[in-house]
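To start, the structure itself, in C-alpha cells.
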Amino acid sequence: MDNYSDFDGLGLAQLVATKQVTPAELVEAAISRVERHNPALNAVVYKGFDDARARATGALPDGPFRGVPFLIKDLAMPVAGWPRTSGSRFARGVIDAEDGGLTARYRDAGVIPIGKTNTPEYGITGTTESAHLGPCRNPWNPGHIAGGSSGGSASAVAAGIVPMGHASDGLGSIRIPAACCGLVGLKVTRDRNPNMPDGYDYTYGLVVDHVVSRTVRDSAAMLDATGYPEPFSPYPAPPKSGLYLDDVSKSPGRLRIAWSSETANGHPIDPEIQAALERTADLLRRLGHDVFERGLGIDYRALYAARGPAGAANFAAGMARLIDEIGREPEPDELEPLTWASLKSGRKVSGADALRSLQDMRMLNRATLAAFADIDVYLSPVLGTPVPEIGHIDPVNLEPREVNRRQGRAFPFTPPFNFSGQPSLSLPLEMDANGLPIGMMFTAKYADEATLFRLAGQLEKEAPWKARRPQVWG
C-alpha cells in the first residue's frame, strides 16, 4: 500500500470495511515503515510483529478502527506477553501477564497493536531521551526532540508509521509531543478514560491516557470508543452529551476565548511563538469568536509548590510497588540522576506533608477552574521556545536542577490543567522559520471535550495541516 500513510485511522478502517484492503495488508504496511524509519527515529522500542500478524488474520472486533495498526507507549500500559520497561534499566525484565483495562478497550475498538514506543525513564521529562532506550527523534528534523513523555508515539504517528498511537499525560506528556511533532493531542478530563485495574501510579487524577493523531476525527472517535465509565469507578468523569465524532463537524458557535502568554516563572516566551499565538487569536476573531487577551491570574508559584510533596511521594509509592514486583532495590546504575533525585525526595516526604500537599492543591485548583467562569476556552502556546535540540534537556547527563530549569523554559504552559483535571488540546496550527511545528493549546471547562472538538474541527477546516509532510515520512 504505497499510499497507506495518507489515510487517517478512520480512513484505513473504511478501506477494511469495504474490502479494499485486509487488516493483514495494513499491518505489513505499518511494519515496513517501522523498518524503514525507526533507525532514524528510534520511536518503536519493542516490535510485536508476530503477535500483530497473528491477530490480523484472526477475528477482530467490529469497532470503529477495525484492522488499523496501532502503537502503545512503553509506560504503565500492560500488554499481555510484552515487556513494560517504563524507559528504565531497572524495569527491563518486567513482562506483563495480561492486558490492562485500557489496552482491552483499544483492542475492542478494532486496532491491532504492532509494538511499543519510546518514553523517558518513568515518563518524568518533556523530552524522550533515556539511558535505557536512547533518544527519540523528531521526523521534522531528527536533530530535535520529539517531546515527552509520549515522544515515541508522536514521532511514529508524525512519520506515517501508524495513524495514531497511545499516549499519556501527567504534566503535558500528550500535548508537548503533539506540539513538537505537528499532531493533534488531547489531554482528556481526569478519569474520562479508564485506568483500572492497573491505575495505582496515576498520580491522584493528574495522569490521563488517550492518543496522538494526525486528524481531529481520529481523536474524537477513539475517545468515543474508550471514554466511558468503568464499572465501580469511584470518581467517574461527568457523562458526555453525545458522540464526540459528531461534534467535530458541528459549529462551535460564538465562543468567548481568552488568550495569554503568561508563564509560571514570569519569563517572556520566544518572539516567534508569541507571534504565532497572536496570529491564532486573530484567526479565531475572524472566525467570529469573542477573543480577548487575559491570563488565568492564578498563583502559579503556590500551585507548583503545593504539588511538590504529593508528586514526590506518589513517585516513591509507585517505585515501591515496582520494587516489590521485581524483588529488589535498584542498583546505582539502574536509575538516572533525575529519577534517583525524585525517588530520594519522595521517600523523605511525611504522610502529613503529602496530605497537606493534596489539600493545598485542591483549594488552589478552585482558582484555575474559576478563571473559566465567564469564558469557554483559554488559548496559550504549548511550548515557550522552539522545539529544542536533542541533548538540550538531557536527563541522563545534566544535573537534575538544570534539567528542571530548562524544562521550565521550554514547557511552561501545560501543568495547571493536569492539576485541575480539565481537557486541554494541542493543535498544529503554525510552523516556525526552521520548519518545525508550533502547537497551540486550547483548554475548556471541566468535562467539556465537546467544545474542544467543535472548535478543533472548525480550525482543521479553516487552517488545515493535513498536507504538511516532515522530512521522515511515509
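Rounded to the nearest 20, the Cβ-based charge dipole of region 1-114 about its Cα centre (Lys and Arg +1, Asp and Glu -1) stands at 280 debye. Per-residue Cβ neighbour counts within 10 Å put ILE269, ILE326 in the sequence ILE326, ILE269, beginning with the fewest. Computed with the Debye formula from one identical point scatterer per Cα of region 71-219, without solvent, the log10 of I(q)/I(0) at q = 0.13 Å⁻¹ comes to -0.49.
Along region 53-66 the Karplus relation, 6.51 cos²θ - 1.76 cosθ + 1.60 evaluated at θ = phi - 60°, assigns HN-Hα couplings of 5, 5, 5, 5, 9, x, 6, 10, x, 8, x, x, 10, 4 Hz to successive residues, with x for each Gly and Pro.
What does the C-alpha gyration tensor say about the overall shape of region 351-474? Classify as rounded when a/c is under 1.5, otherwise prolate if a/b is larger than b/c, or oblate. In terms of gyration-tensor shape, oblate.
Close amide H contacts of GLY134 (hydrogens built in the peptide plane, cut-off under 5 Å, sequence separation of 5 or more or a different chain): none are found.
Counting beta carbons within 10 Å around each of TRP340, TRP140, TRP465 and listing the fewest first gives the order TRP340, TRP465, TRP140.
Less than 5 angstrom separates the built amide H of ALA167 from those of HIS210, VAL211, VAL212, all sequence-distant by 5 or more or on a different chain. Exceedance of the 22 Å cut-off in Cα-Cα distance is limited, within the set LYS240/LYS445; LYS73/LYS348; LYS187/LYS240; LYS73/LYS344; LYS73/LYS250; LYS250/LYS445, to LYS73/LYS348; LYS73/LYS344; LYS73/LYS250.
Can you give the local net charge around SER168? Use residues other than it whose beta-carbon is closer than 10 angstrom to its beta-carbon, Lys and Arg +1, Asp and Glu -1. With Lys, Arg at +1 and Asp, Glu at -1, the net is 0. Normalised by the number of residues in the chain, the mean separation of alpha-carbon contacts (under 8 Å, six or more apart) gives a relative contact order of 18 percent.
Compared with the alpha-carbon gap, the fully stretched path from ASP282 to ASN404 is longer by 40.6 nm at 0.36 nm per residue.
Placing a label point 7 Å from the Cα of ASP353 along the Cα-to-Cβ direction, the residues of region 305-321 with a backbone N closer than 18 Å are 305-320. Sequence-ordered 3J(HN,Hα) estimates for region 466-471 from the Karplus curve with 6.51, -1.76 and 1.60 and θ = phi - 60° stand at 4, 7, 6, 9, x, 4 Hz, glycine and proline given as x.
A DSSP coil position with no more than 16 other Cβ atoms inside 10 Å describes the following trypsin sites (Lys or Arg not before Pro) in region 1-83: LYS19. Dividing the summed -39500 (n - 2.57) terms of all DSSP H runs of n ≥ 4 by the residue count of the chain sets its mean residue ellipticity at 222 nm at -12000 deg cm²/dmol. Charged neighbours of ARG469, selected by a Cβ distance under 12 Å, balance to +2 (K, R count +1; D, E count -1). Each residue of region 121-129 was assigned a 3J(HN,Hα) from its phi angle through the Karplus expression (A = 6.51, B = -1.76, C = 1.60, θ = phi - 60°), giving 4, 6, x, 6, 10, x, 10, 9, 9 Hz with x at Gly and Pro.
Separation of region 447-474 from region 298-356 is 36 Å, based on Cα centroids.
Near VAL396, once Lys and Arg are set to +1 and Asp and Glu to -1 for all other residues with Cβ below 10 Å from its Cβ, the sum equals -4. Neighbour counts of C-beta atoms inside 10 Å place HIS289, HIS392 in the sequence HIS392, HIS289, starting with the fewest. Computed from the C-beta positions of HIS267 and TYR228, the FRET efficiency with R₀ = 30 Å rounds to 0.15.
FYI, it's all coordinate maths here, none of it is from the lab. Computed from a predicted model, the values in this text were never measured in an experiment. Quick reminder, even Gly has a Cβ in these numbers, built from the backbone with ideal geometry, and neighbours come from all protein chains shown.
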